[in-house]
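Asks: Shown below is the structure under consideration.
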Amino acid sequence: MNDSFQTGYVALIGKPNTGKSTLMNALVGEKLSITAHRPQTTRHQILGIKTTQSYQCIFVDTPGIHDSNQKAIHRYMNRAAISMLADADLICVLLDISHFNGDDVKILKRVAGRNNVVIVLNKIDQMTKTACLPVMQKISEIVPDFEIVPVSALEKENLDRLEALIISYLPIAVPQFPDDQLTDKSMRFIVAEIVREKLFRVLTQELPYSITVSVDHYKEESDLTRISATIWVERKSQKAIVIGKQGRQLKQTGSLARHDIEKLVDGQVYLQLWVKVREDWADDERSLAAFGYSSADQSY
Ligand SMILES: Nc1nc2c(ncn2[C@@H]2O[C@H](COP(=O)(O)OP(=O)(O)OP(=O)(O)O)[C@@H](O)[C@H]2O)c(=O)[nH]1
Ligand SMILES: [Mg+2]
């Protein structure tokens, strides 16, 4: 390793649904964090680690910052969204160009005055160049000192420029993680997240917000990985919906999830899914802790 090796933490923050997880996956080159077309998908801080010959960039994907604090899980998510701002070497604020509004302005004002912030204007594939300009103008009036980088995380547009800028903020330091480590999360965590992502796809209702997933067994055998996971809902009525008529929804969830997990482990997977009720788990601190939503998750 040379003396000029750079290592640093890059926080990806922003309103829900702006494309933070999509961007992290694109920059690291692996699908580490789940995505969905609905807001409030990410619930934890998730590290995505990219190591090259000259730098180690530790991206921190975070839950979208939002105003709703009704349930304990929302308070947990907001804490996870902002708790690492002080420690980050660079803060990337993600904005969705076609949905820029007062919620983004609040976030920009929260980081105004810092000298380590870059604005990532995402989803430019959805707008013409000329339509982008007024939004950029508005942002630079609010935070004139921040550089604005227009990108499309989905179409991987202008990511090279963003990456070069990010690297310029990384301090000279030794790496924090082995060069083959991609995330701080376990396979169990990622598998539970994949199941949750598929529930976002399969269930059209608001139900995914009432769901958490735990992996009960994870065993690698010689030619097969055996996994058993539980989908936890808040009420009995929700259990029937998750299962669906003749188990259709659950089967579809299982087969979509298995497909992704097989890619991840590069082998055959046997995935068993159960659905159980834990009354109002999302507003109960003890249940949250049992399901891994603990404050310890946010310290590294
Ligand atoms: N058209 C377009 N869609 C995008 C782009 N980036 C992300 N998306 C879509 O926007 C939606 C939200 O993306 P996520 O990456 O889950 O957003 P997020 O900011 O992590 O959302 P939360 O975790 O809920 O805060 C998904 O449907 C993505 O496919 C982009 O550059 N262009
Ligand atoms: Mg996300």
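The values are calculated or read from the model by the stated rules, or taken from the named source; none is laboratory data. Not measured: the values here are computed from a predicted model. Positions of Cβ are generated from backbone atoms using ideal geometry, with glycine treated the same way; all protein chains shown enter the neighbour counts. In case anyone asks, the SASA skips ligands and DNA or RNA and just uses the protein heavy atoms, side chains included. Shrake-Rupley method; radii C 1.70, N 1.55, O 1.52, S 1.80 Å.
Asks: Among the residues of the range 282-294, are any open to solvent by less than 90 Å² (accessible area, probe 1.4 Å), modelled with pLDDT under 95, of a type in the set (D, E, K, R) and assigned to a loop (DSSP other than H, G, I, E, B)?
Replies: yes
Asks: Sticking with this one: Residues of the range 137-168 being within 16 Å of ligand 1 (Cβ to nearest atom), open to solvent by 10 Å² or more (accessible area, probe 1.4 Å) and either among the aliphatic types (A, V, I, L, M) or touching a residue at least 40 places away in the same chain (Cβ under 8 Å) (or both), which ones?
Replies: Selection gives I148, P150, L154, K156, L159, E163.
Asks: Out of the residues in the range 28-40 that are open to solvent by 10 Å² or more (accessible area, probe 1.4 Å) and either modelled with pLDDT of 95 or more or more than 22 Å from G102 (Cα to Cα) (or both), which is farthest from ligand 2 (Cβ to nearest atom)?
Replies: G29
Asks: Next up: Residue by residue through the range 174-204, note down the ones that are surrounded by fewer than 18 Cβ atoms within 10 Å (Cβ to Cβ) and farther than 19 Å from H44 by Cβ.
Replies: V174, P175, P178, D179, D180, R201, T204
Asks: Turning to a different aspect of this structure: In the range 207-226, how many are assigned to a loop (DSSP other than H, G, I, E, B) and touching a residue at least 60 places away in the same chain (Cβ under 8 Å)?
Replies: Qualifying residue count, the range 207-226: 0.
Asks: Inspect all residues belonging to the range 234-246 and state whether any of them is open to solvent by 30 Å² or more (accessible area, probe 1.4 Å), among the β-branched types (V, I, T) and in contact with an Asp or Glu (Cβ under 8 Å, 6 or more places away or on another chain).
Replies: no
Asks: Right, next: Right, I190: over 20 Å from L32 (Cα atoms), among the β-branched types (V, I, T) and in contact (Cβ under 8 Å) with a residue 24 or more places away in the chain or not?
Replies: No: the conditions fail for I190.
Asks: Moving on. Which is farther than 28 Å from A289 by Cβ and within 14 Å of ligand 2 (Cβ to nearest atom), of L23, L47?
Replies: Of L23, L47, the one residue that is farther than 28 Å from A289 by Cβ and within 14 Å of ligand 2 (Cβ to nearest atom) is L23.
Asks: Which one of these does Y55 not meet: (1) in contact with a Phe, Trp or Tyr (Cβ under 9 Å, 6 or more places away or on another chain); (2) buried (at least 22 other Cβ atoms within 10 Å of the Cβ); (3) not aliphatic (A, V, I, L, M)?
Replies: Single failed check for Y55: (2).
Asks: Just to verify a result, which residue in the range 77-126, among those that are open to solvent by less than 20 Å² (accessible area, probe 1.4 Å), away from ligand 1 (no atom under 14 Å from the Cβ) and part of a helix (DSSP H, G or I), is modelled with the lowest pLDDT?
Replies: Result: L85.
Asks: Let me ask you something else. Checking T18 against (1) open to solvent by 10 Å² or more (accessible area, probe 1.4 Å); (2) closer than 25 Å to V105 by Cα; (3) within 15 Å of ligand 2 (Cβ to nearest atom), which single condition isn't satisfied?
Replies: (1)
Asks: Just the residues that are within 16 Å of ligand 1 (Cβ to nearest atom) and surrounded by fewer than 18 Cβ atoms within 10 Å (Cβ to Cβ), please, taken from the range 58-70.
Replies: H66, D67, S68, N69
Asks: So in the range 247-259, with the set limited to residues that are open to solvent by less than 30 Å² (accessible area, probe 1.4 Å) and under 17 Å from I34 (Cβ atoms), which one is nearest to the chain's Cα centre (by Cα)?
Replies: Residue satisfying both the conditions and the ranking: A257.
Asks: What is the one condition in (1) open to solvent by 70 Å² or more (accessible area, probe 1.4 Å); (2) at pLDDT 95 or above; (3) acidic (D, E) that D216 does not satisfy?
Replies: (1)
Asks: Cβ contacts < 7 Å: first residue farther than 18 Å from D184 by Cβ and touching a residue at least 24 places away in the same chain (Cβ under 8 Å), restricted to the range 13-33; second residue of a type in the set (S, T, N, Q) and near ligand 2 (Cβ under 8 Å from one of its atoms), any location; separation 6+ or different chain. Result?
Replies: Correct list of pairs: T22/T35.
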